[in-house]
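Reading through the structure tokens given below for one structure.
The numbers here are math on the coordinates, done by the rules we state, and not lab data. Please read these numbers as outputs of a predicted model, since none were measured by experiment. We place every Cβ from the backbone using ideal geometry, glycine too, and count neighbours over all the protein chains shown.
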């Protein structure tokens, strides 16, 4: 083997990708999909303020603090250090790209050399 | 859209291209990283390419990928993608005034190509919708220029990232760059106390309810966080009322 893998493609994933494509189109044109003018109920308009950050947090936090379905029991985990640095960098510089770069600069040495 | 001559021959089209160029440059590393992260979090190359070409929404791609790999049911993946994309719903309300003179299909195609960057640059240049045919054409041409520059640079570097990913061993853990990217976007959205609360509640519920089947912890976390914030708004509003 040359170490190159192409993974397995399954039809289910392709359907999900199609669904996500429809969601991109629908969310980006949400208020001009219909020809007639209409309004969201008040609670839904307010909910729009909170749902995106909640969705990101729900995906991101378990990926940082959990391993195989359990909360990590050790502090020797590269992800927590990288995430902590990432958050500090974001609020200091307001730059997502720098957050990724410096976060990975913490993550990779800990992960590769210490095996955290 | 940008393939139409009436738009890409218009002088505003070039303005759109050149206004987006510096942004596209800044986006190179992000696009590369997204391509690498898709493959390194366990999607096949074909799936990653299909997702990149079709979905064209970096944050929803990155959020959906761990769920797809974990075998979550389709509706959970789609609901999560929808919630991550809800910021576009807010943009679309603003863009409505600029686009309603177009027929429905061109409107939706225009919407599909209007990313965060394109939206921000567009409303910065045109703070009000034009009402003459000439003015509308100029706006449409400018948006088409932005869209072409944004789409082509994103696609080029995402696909390059997917190609490069195969040269990098999965054990390096580069998929984590995708999580850091989402974390950065999450921080950028934390613009009010209640949004910080939404973030904390959703994170805690997602961890506590992790044992739920079908990745339902994600859906539960979003629902609890949004409800908690709406309730806090009510409480605040009542406190603010003079007795």
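Numerical summary
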read-out	value
Dimensionless Rg/Rh of region B:14-101 - Kirkwood Rh, Rg from C-alpha atoms	1.05
Residue-averaged 222 nm ellipticity for chain A, from DSSP H runs of 4+ at -39500 (n - 2.57), nearest 500	-22500 deg cm²/dmol
Theoretical FRET efficiency, 1/(1+(r/R0)^6), r = Cβ-Cβ of residue B:131 and residue B:192, R0 30 Å, to 0.05	0.30
Nearest-ten-degree value, helix A:11-28 long axis tilted from longest Cα axis of chain A	60
Value in Å of the Kirkwood radius, where the protein assembly as shown supplies the Cα pairs that are averaged	21.3
Cα pair distances exceeding 18 angstrom across region B:191-243, given as percent	39
Between helix A:96-113 and chain A: long-axis angle, C-alpha atoms, 0 to 90°, nearest 10	30
Theoretical FRET efficiency, 1/(1+(r/R0)^6), r = Cβ-Cβ of residue B:53 and residue A:43, R0 30 Å, to 0.05	0.25
Hull shadow area, averaged, chain A [alpha-carbon convex hull, nm²]	12.5
C-alpha long axis of helix A:42-65 to longest principal axis of chain A, angle in °	20
Geometric extent, Cα atoms of region B:2-189 - Rg, Dmax (angstrom)	17.6, 58
Chain B, helix-only ellipticity at 222 nm - DSSP H runs n ≥ 4, -39,500 (n - 2.57), divided by all residues, nearest 500	-26000 deg cm²/dmol
q = 0.13 Å⁻¹, region B:145-243: log10 I(q)/I(0) [Debye, one scatterer per Cα]	-0.75
Centre separation in Å (Cα based) which lies between region B:28-51 and region B:180-243	28
Label-point gap, in nm, between residue A:114 and residue B:214 - each point 7 angstrom along Cα→Cβ	4.1
Calculated FRET value between residue B:171 and residue A:33, using beta carbons and R₀ = 35 Å, to 0.05	0.20
